[in-house]
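Q: Handing you a structure now.
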Amino acid sequence: MIQDDDPTQSLPDEDLTTQPTAMAILERLRQFESRLSQSVQQLRSSLENQIASLRDEMNTRFAEAREEMNTRFLENREEMNARFLENREEMNTHFRFVANKIEVMHEDNLNVRAGQRELLK
């Protein structure tokens, strides 16, 4: 075995040529970390903007939906009140008609009883 081929002759502690490589790798890792941190910050900012935009849009649509529901509710309530009044007037008309018929029948009944009394006398 030749002395240059013996791995035990050149131990890592004795070979200081790897230190610049390790420093270069650490510097590259710091640069990568810096770029990654910037990317994360950009994504975070973008997401915050999108969330704010969505929140504003949802609030706008909610307000529009609430306004539309209130408008429809008022329209339906007015229509229901109008129909209720129509039905009340129609029922009153029919009740008066029935009351008049009952009154006529009552008078006829009284006349029939009076006629029966005269016949029985």
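Q: Return the pair list, or none, for Cβ contacts closer than 8 Å from residues in segment 18-30 that are in a helix (DSSP H, G or I) to residues that are open to solvent by 100 Å² or more (accessible area, probe 1.4 Å) and not hydrophobic (A, V, I, L, M, F, W, C), at least 6 apart or on different chains.
A: Filtered contacts from segment 18-30: T18/P12.
Q: While we're on this one: Might you check whether a residue that is more than 52 Å from the chain's Cα centre (by Cα), on the phi < 0 side of the Ramachandran plot and modelled with pLDDT under 60 occurs anywhere in segment 18-37?
A: No: segment 18-37 contains no residue that is more than 52 Å from the chain's Cα centre (by Cα), on the phi < 0 side of the Ramachandran plot and modelled with pLDDT under 60.
The values are calculated or read from the model by the stated rules, or taken from the named source; none is laboratory data. Only a predicted model underlies this, so the values are computations on that prediction, with no experimental measurement involved. Note that we place each Cβ from the backbone using ideal geometry, even for glycine, and neighbour counts take in every protein chain shown. Ligands, DNA and RNA are stripped out before the accessible areas are found, and what is left, the full protein with its side chains, is counted by its heavy atoms. Shrake-Rupley method; radii C 1.70, N 1.55, O 1.52, S 1.80 Å.
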